[in-house]
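The values are calculated or read from the model by the stated rules, or taken from the named source; none is laboratory data. As the structure is a prediction and not an experimental result, all values here were calculated from the model. Don't worry about glycine lacking a Cβ; one is built from the backbone with ideal geometry, like all the others, and counts go over all protein chains shown. We work out accessible area using only protein heavy atoms, side chains counted, and drop any ligands, DNA or RNA first. Shrake-Rupley method; radii C 1.70, N 1.55, O 1.52, S 1.80 Å.
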Amino acid sequence: MNNTETTKKAQEETQKTERISGSEAIIRCLIAEGVDILYGYPGGAIMPVYDELYKYKDRIHHVLTRHEQGAAHAAQGFARISGRVGVAMATSGPGATNLITGIADAQIDSTPMVCITGQVFSHLLGSDAFQETDIVGISTPVTKWNHQVTKASEIPEVLAKAFYIAKSGRPGPVLIDITKDAQVAELDFKYEKCTGVRSYIPIPKINIDAVKAAAELINAAKKPMIVWGQGVILGKAEEELKAVIEKAGIPSAWTILGASAIPTSHPLNVGMVGMHGNYAPNKLTNECDVLIAIGMRFDDRVTGDLKTYAKQAKVIHFDIDPAEIDKNVKTDVAVLGNSKESLGLLLEELNENTHTEWLQEFKELYAIEFEKVIKNDLSPTKEGLTMGEVLKQINIETKGNAAIVSDVGQHQMIACRYSEFNKTKSNITSGGLGTMGFALPAAIGAKMAAPDREVVAIIGDGGYQMNIQELGTIFQQKVPVKIVVLNNEFLGMVRQWQQLFFDKRYASTEMTNPDFVTIAKGYYIEAKKVTKREELADAVKEMIASKNSYFLEVCVEKEDNVFPMVPAGASVSDIRLS
Amino acid sequence: MNQEIKTLTISIYTENNIGLLNRISAIFQRRHINIESLTTSQSEIEGVNRFVIVVNITEDQAKKIMGQFEKQIEVIRAYYHTDEETIYTESCMFKIKSSLLFEEPQIQNIIKDSGTRIVTVNKEFFVLEKSGRRNEIESLRRDLNVFGIMQFVRSGRISVTKEEMKITEMLSAFNNQ
Ligand SMILES: Cc1ncc(C[n+]2csc(CCOP(=O)(O)OP(=O)(O)O)c2C)c(N)n1
């Protein structure tokens with residue numbers, strides 16, 4: 001059955017009222033919301049729901065991860081590549097708390113996710129019962145919304161609201177905690193999708209005068225520059241952004257979560273901003289006359305020292321979330337609304353333009369960066385393998401069509417800097433929280449949501465071991481993800497800081513690693529280790545050619561650094577090349 | 001720039017839901033803003049609660065946190081006002097040994113002059129109640145302190161604005177959607 005048929009059938013089923021148990025209602029709500037896959041881990045307080053899942057297993061596929069954190073990240077990976085809501089489920093107490101890192105990650109990266117946790121019987125609430133934790137209290141600061149259900153009859157309405165809130169406006173994670181008695185009790189079930197919550201305005205109305213004021217500033221600008229973020233991808237505004245960029249001839253840079261919205265090869269794509277972003281867009285942020293921020297939130301990793309950030313520029317900010325306006329950077333024009341719509345309106349108001357000389361400034365700085373950094377990263381002459389050349393091989397073999405799921409650390413920055421992105425939603429990484437352990441489970445979710453895409457996880461030896469148990473999930477579910485561990489036997493990014501700012505005192509960053517290949521093989525995953533440059537190209541080729549999951553360990557230079565770099569708290573124009 | 005620290009009264013209209021107090025106080029906590037007083041009750045609209053929170057912050061800070069409040073799903077609207085823009089009051093109670101009421105004629109004068117109400121008197125103690133501005137309550141407390149206070153309690157601020165708040169309009173607009 002295809003997805004629309006499933007949804008139709010589900011809708012028909014929900015028209016009539018039926019007497020069913022709370023746990024069956026939960027499953028029926030999920031089906032009505034189009035959920036066909038969820039990630040989770042069972043336990044006492046959620047067992048009635050698992051029992052129902054058994055009955056519905058032909059309609060909804062439950063993926064048993066090896067850790068609840070894995071379930072949360074898998075749901076995130078699923079959501080990031082599909083734009084649909086990811087669903088994770090866990091039992092009360094430790095199961096629920098294990099979800100928290102993934103929830104916090106989803107919150108800061110605006111990922112739509114619904115988490116369902118079991119809870120002790122409601123008459124035991126607050127009594128320190130076995131496996132009771134106040135998960136609603138714990139998750140409050142890291143959820144878009146959360147709620148505890150203690151009566152079966154509340155289930156349909158609360159779940160409908162959960163899905164609506166998770167995916168509407170600026171998306172985010174929602175947690176619904178359901179007591180065991182509510183799962184067991186019966187209710188008259190009828191499902192209606194939620195279409196609005198009176199205290200919640202997901203998408204603010206666009207003020208056309210603000211769009212006109214923005215256009216006026218852009219039309220008059222000599223040195224305009226765009227920095228776009230994930231808001232473009234979440235708003236499905238890639239086409240509109242491209243049209244704006246091309247019509248007005250504006251050099252455009254991206255934040256880490258904005259990556260891939262516009263192909264890397266686009267002539268007006270001038271690279272990544274931020275701490276390990278490209279030289280030109282960072283430097284020229286402090287020279288542009290109009291800075292156009294689209295669906296990005298001026299994170300401190302992007303702005304460096306706010307006191308010196310783009311002070312010369314008029315700032316225009318497009319965002320869906322009113323709380324982002326003037327939060328970090330004072331704007332001259334704010335355009336609230338959905339990026340697809342607001343960029344569409346902006347396009348009409350823009351004059352055709354080219355900014356050839358201004359673009360030339362970016363090219364000149366790129367040439368400097370190429371000479372000092374990129375050349376050595378991609379085509380090194382020294383003996384040790386670089387992370388950059390591994391990425392280069394992956395680009396070659398996947399022709400820039402892969403979705404790259406990266407973990408956190410040096411390899412992440414290298415993956416974001418050097419991946420070729422032809423398609424949108426190709427960069428799945430933990431941006432705002434910087435969560436090590438994200439990539440392996442997120443890659444599982446991504447591949448399951450987009451089985452037709454090549455999904456390559458790029459992970460450090462440190463982060464890999466934070467959720468290495470998910471190899472078990474990959475094996476059991478036969479998810480054909482490609483896993484590349486860039487092994488430098490260090491917590492590389494921390495070591496880089498120790499080298500640069502702590503006098504090379506490598507406190508607890510050196511790692512003695514196990515035989516990763518044997519471990520992968522222990523999970524029946526094809527595996528190979530590369531230590532020499534001559535072996536690299538063939539190994540990557542073999543990995544990409546494989547129809548199954550594949551593990552590739554590449555031993556890279558132990559003490560390489562990622563440059564350029566804006567030292568923490570410094571101005572973006574003080575970006576270092578070495 | 002509105003960088004001067006002022007006493008501001010924040011009014012947050014919300015759905016009547018468990019857990020919101022947590023979300024609201026977390027917003028202050030994350031920004032290291034100390035809450036001077038907090039009152040929560042039903043508002044003029046059925047099913048809608050109102051938090052009245054007094055803080056000492058700059059208007060720039062206030063603007064930013066209004067955005068954070070309104071971002072919460074169950075918050076309907078948040079406003080802030082300066083003292084000049086509001087009519088406000090606090091109330092307090094004093095519990096004092098009964099013997100003092102008769103032995104210290106001064107106390108009777110204080111009660112009379114300050115417009116304080118006697119709530120109850122029994123053998124052991126009597127209870128006074130007064131509503132007013134913070135400085136009036138403080139001055140009363142200073143006067144009574146001399147004689148010894150068994151218990152003192154002061155409420156959070158309650159406040160209404162001089163200007164109309166458009167909240168009712170907003171809600172009916174939603175209901176008619
Ligand atoms: C859960 C978690 N713990 C700690 C950190 C701090 N941290 C950031 S990068 C990094 C090192 C990552 O090392 P590795 O995974 O080997 O990748 P590399 O930097 O060597 O590419 C650490 C420890 C983090 N981001 N997340």
- On a 0 to 90 degree scale, rounded to 10, what angle separates helix A:339-349 from the longest Cα axis of chain A? 40 degrees
- Along the range A:93-110, what does the Karplus equation 6.51 cos²θ - 1.76 cosθ + 1.60 (θ = phi - 60°) give for ³J(HN,Hα), rounded to whole Hz, x for Gly and Pro? x, x, x, 5, 5, 5, 7, 4, 4, x, 5, 4, 5, 5, 5, 6, 9, 6
- Query: In square angstrom, rounded to the nearest 10, how much accessible surface does B:Thr116 have for a 1.4 Å probe?
  - Reply: 20 Å²
- Any chance you could look up the accessible area of A:Glu157 with a 1.4 Å probe, heavy atoms only, rounded to 10 Å²? 140 Å²
- For the range A:18-189, what is the accessible area per residue in Å² when the probe is 1.4 Å? 31 Å²
- Message: Can you give me the angle between helix A:533-545 and the longest principal axis of chain A, using Cα atoms only, in degrees from 0 to 90, rounded to the nearest 10?
- Response: 40 degrees
- Determine the equivalent ellipsoid of chain B by diagonalising the alpha-carbon gyration tensor, then write out the semi-axes as square roots of 5 times the eigenvalues, largest first, rounded to whole Å. 38, 18, 15
- Task: Roll a 1.4 Å probe over the protein chains and send me the accessible area per residue for the range B:89-154 in Å².
- Result: 62 Å²
- Task: Please state, as a whole number in µm²/s, the translational diffusion coefficient that the Stokes-Einstein equation yields for the range B:1-99 at 25 °C and 0.890 mPa s, with Rh defined as the Kirkwood radius across alpha carbon pairs.
- Result: 168 µm²/s
- Item | Label point 7 Å beyond Cα of A:Ala220 along Cβ direction - residues of the range A:312-347 with amide nitrogen under 17 Å | A:312-317, A:331-334
- Message: On a straight-distance basis, which lysines could pair with B:Lys97 in a cross-link, Cα separation under 30 angstrom, same-chain partners fewer than 8 positions away excluded?
- Response: B:Lys112, B:Lys123, B:Lys130
- Message: So for the range A:129-261, if I pair up every lysine 8 or more residues apart or on another chain, how many of those pairs have alpha-carbons under 17 Å apart?
- Response: 12
- For A:Trp497 paired with A:Lys247, estimate the spin-label separation in nm (one decimal), with each label point 7 Å from Cα along the Cα-to-Cβ line. 4.3 nm
- Between B:Ser155 and A:His123, what FRET efficiency follows from the Cβ-Cβ distance if R0 is 41 Å, with the result rounded to 0.05? 0.75
- Note on the structure: Here the residues of the range B:3-38 lying in the modelled label zone of B:Glu44, meaning backbone nitrogen under 19 Å from a point 7 Å along Cα-to-Cβ, are B:9-16
- Where a label projected 7 Å from the Cα of B:Ser98 along Cα→Cβ would reach, residues of the range B:113-136 with amide N under 11 Å: B:121-127
- Between A:Lys330 and A:Asp305, what length comes free when the chain is fully extended (0.36 nm per residue of separation minus the Cα-Cα distance, one decimal in nm)? 7.6 nm
- Item | the range A:455-475 versus the range A:402-454: alpha-carbon centroid distance in Å | 12 Å
- Query: Comparing the chain by itself with all protein chains present, which residues of the range A:300-340 are at least 10 Å² less accessible (probe 1.4 Å)?
  - Reply: A:Asp321, A:Ala323, A:Asp326, A:Lys327
- Query: Assuming R0 = 51 Å, what is the FRET efficiency of B:Asn109 and A:Asn207, from their Cβ-Cβ distance, to the nearest 0.05?
  - Reply: 0.25
- Query: Chains B and A: what accessible area do they bury, summed, in square angstrom to the nearest 100, with a 1.4 Å probe?
  - Reply: 1600 Å²
- Note on the structure: Taking alpha-carbon centroids only, the range A:354-381 lies from the range A:48-123 a number of Å equal to 43 Å
- Task: Ignoring everything but the protein chains, give the 1.4 Å probe accessible area of B:Tyr79 in square angstrom, nearest 10.
- Result: 40 Å²
- So what is the orientation-averaged projected area of the range A:208-361, using the convex hull of its C-alpha atoms, in nm²? 7.5 nm²
- Using a 1.4 angstrom probe on the protein heavy atoms only, line up B:Ser91, A:Ser426 by accessible area, largest first. B:Ser91, A:Ser426
- Note on the structure: Expressed in angstrom and rounded, the centroid-to-centroid distance over alpha carbons for the range A:505-567 and the range A:130-154 is 40 Å
- Task: Starting from one equal scatterer on each C-alpha and no solvent at all, send me the Debye-based log10 I(q)/I(0) for the range A:271-343 at q = 0.11, 0.14, 0.19 Å⁻¹, two decimals.
- Result: -0.25, -0.41, -0.76
- Task: Whenever you get a sec, compute what percent of the accessible area on the protein assembly as shown sits on carbon and sulfur atoms (1.4 Å probe).
- Result: 50 percent
- Query: Rounded to two decimals, what ratio of Rg to Rh does the protein assembly as shown give with C-alpha atoms and a Kirkwood Rh?
  - Reply: 1.03
- In nm, give the distance between the simple-model label positions of A:Asp515 and A:Glu383, each being 7 Å from the Cα along the Cα-to-Cβ direction. 2.5 nm
- Note on the structure: Expressed in angstrom and ordered largest first, the alpha-carbon extents of the range A:121-165 along the principal axes are 32, 27, 11
- Note on the structure: A student applying the Cα gyration tensor rule (rounded when a/c is under 1.5; otherwise prolate if a/b is larger than b/c, oblate if not) would label the range A:18-189 rounded
- Sticking to Cα atoms, compute the Rg of the range A:129-212 to one decimal and its Dmax as the biggest Cα-Cα distance, whole number, in Å. 16.3, 60
- Please pull out the direction-averaged projected area of the range A:397-550, using the convex hull of its alpha-carbon atoms, in nm² to one decimal place. 9.4 nm²
- With a 1.4 Å probe and every protein chain left in place, work out the accessible area per residue of the range B:25-71 in Å², rounded to a whole number. 51 Å²
- Note the full-extension length gain between A:Phe130 and A:Glu287 as 0.36 nm times their separation in residues minus their Cα-Cα distance, in nm to one decimal. 50.5 nm
